[in-house]
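Note sheet for the following structure.
The values are calculated or read from the model by the stated rules, or taken from the named source; none is laboratory data. Keep in mind the model is a prediction, meaning the values are calculated, not measured. Neighbour counts are summed over all protein chains in view; Cβ atoms, including those assigned to glycine, are modelled from backbone coordinates with ideal geometry.
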Amino acid sequence: AQSVTQLGSHVSVSEGALVLLRCNYSSSVPPYLFWYVQYPNQGLQLLLKYTSAATLVKGINGFEAEFKKSETSFHLTKPSAHMSDAAEYFCAVRGGNAGNMLTFGGGTRLMVKP
Amino acid sequence: NAGVTQTPKFQVLKTGQSMTLQCAQDMNHEYMSWYRQDPGMGLRLIHYSVGAGITDQGEVPNGYNVSRSTTEDFPLRLLSAAPSQTSVYFCASSPGQGWEGIYFGEGSWLTVV
């Protein structure tokens, strides 16, 4: 069975500070990993995905994530937070479960202080 | 480019009523699925389909029914609504297995009173 754990349901950073959102996964097969962002009252937008190519994945809006197999982690980072980054972020894993559907973490709400 | 279209966007139901959330995709995707989103729990898989005529249960299927008579459509039926089904529902589609992108609809906000 697959699972995803996002450490910290709420993360608060100052504008211009480093953003680090943590994600750990478990998977019985080589995983495909995703980060999605959700702005208030909107759907989910794909930020980036890991598909077993490069371990450092660059996404939209300056975000990137590094796949570390030894740590079963896929943490999301951004060097400098912007006010517009305030949103909820979801880590998800695909592969090995029923129908290869996504299994999501509980989400992390990012707050950016001026 | 319509992508994945969900209707309605907002709905209020009374306990015991039934309703159908509609989902349609115009990308000829094989896979379609329904998730519900609840605070602190992320998105949980309700039902999914890997092709027309094929459906299966996800993590939280109780109280919901689905069918897939065409490639394009994947409606979700609430048989007898309960307050515990108050949630945001997302439909998603993807071309198939592997690393292909998964595309989400805009969501349907459902309140059961």
Only one of (1) over 11 Å from the mean Cα position of the chain (by Cα); (2) of a type in the set (D, E, K, R); (3) surrounded by 14 or more Cβ atoms within 10 Å (Cβ to Cβ) does not apply to B:ASP26, and that is (3)
Please work out if B:LEU43 is closer than 22 Å to A:ARG109 by Cβ and either of a type in the set (Val, Ile, Thr) or under 12 Å from the mean Cα position of the chain (by Cα) (or both). yes
Unmet criterion (only one of (1) in a loop (DSSP other than H, G, I, E, B); (2) touching a residue at least 24 places away in the same chain (Cβ under 8 Å)) for B:GLN11: (1)
Selected residue (criterion: farthest from the other protein chains (Cβ to nearest Cβ)) from residues of region A:64-114 that are surrounded by fewer than 17 Cβ atoms within 10 Å (Cβ to Cβ) and among the β-branched types (Val, Ile, Thr): A:THR77
Any residue at all in region B:47-65 that's in contact with an Asp or Glu (Cβ under 9 Å, 6 or more places away or on another chain), buried (at least 22 other Cβ atoms within 10 Å of the Cβ) and within 25 Å of B:VAL12 (Cα to Cα)? yes
Within region A:24-47, how many residues are away from chain B (no Cβ under 11 Å) and closer than 14 Å to A:ALA92 by Cβ? 7
Using the structure shown, decide if A:ALA54 is part of a loop (DSSP other than H, G, I, E, B), among the hydrophobic types (A, V, I, L, M, F, W, C), surrounded by 14 or more Cβ atoms within 10 Å (Cβ to Cβ) and over 11 Å from the mean Cα position of the chain (by Cα). no
Can you tell me which of (1) more than 14 Å from B:ASP73 (Cβ to Cβ); (2) out of contact with any Pro (no Cβ under 7 Å at 6 or more places or on another chain); (3) within 11 Å of another protein chain (Cβ to nearest Cβ) is the one B:VAL12 doesn't meet? (3)
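Just for region B:66-113: of the residues that are of a type in the set (Val, Ile, Thr), more than 8 Å from every other protein chain (Cβ to nearest Cβ) and in a loop (DSSP other than H, G, I, E, B), which one is farthest from A:TYR32 (Cα to Cα)?
B:VAL113
Taking only region A:9-21 into account, find how many residues are surrounded by fewer than 22 Cβ atoms within 10 Å (Cβ to Cβ), more than 12 Å from chain B (Cβ to nearest Cβ) and in contact (Cβ under 8 Å) with a residue 60 or more places away in the chain.
The qualifying residues number 9.
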Can you tell me which residue in region B:15-65 is nearest to the other protein chains (Cβ to nearest Cβ), limited to those that are of a type in the set (Phe, Trp, Tyr) and touching a helix residue (DSSP H, G or I) at 6+ places or on another chain (Cβ under 9 Å)? B:TYR48
Considering only residues that are of a type in the set (A, V, I, L, M) and at pLDDT 95 or above, look in region B:5-43 and name the one that is farthest from A:TYR39 (Cα to Cα). B:MET19
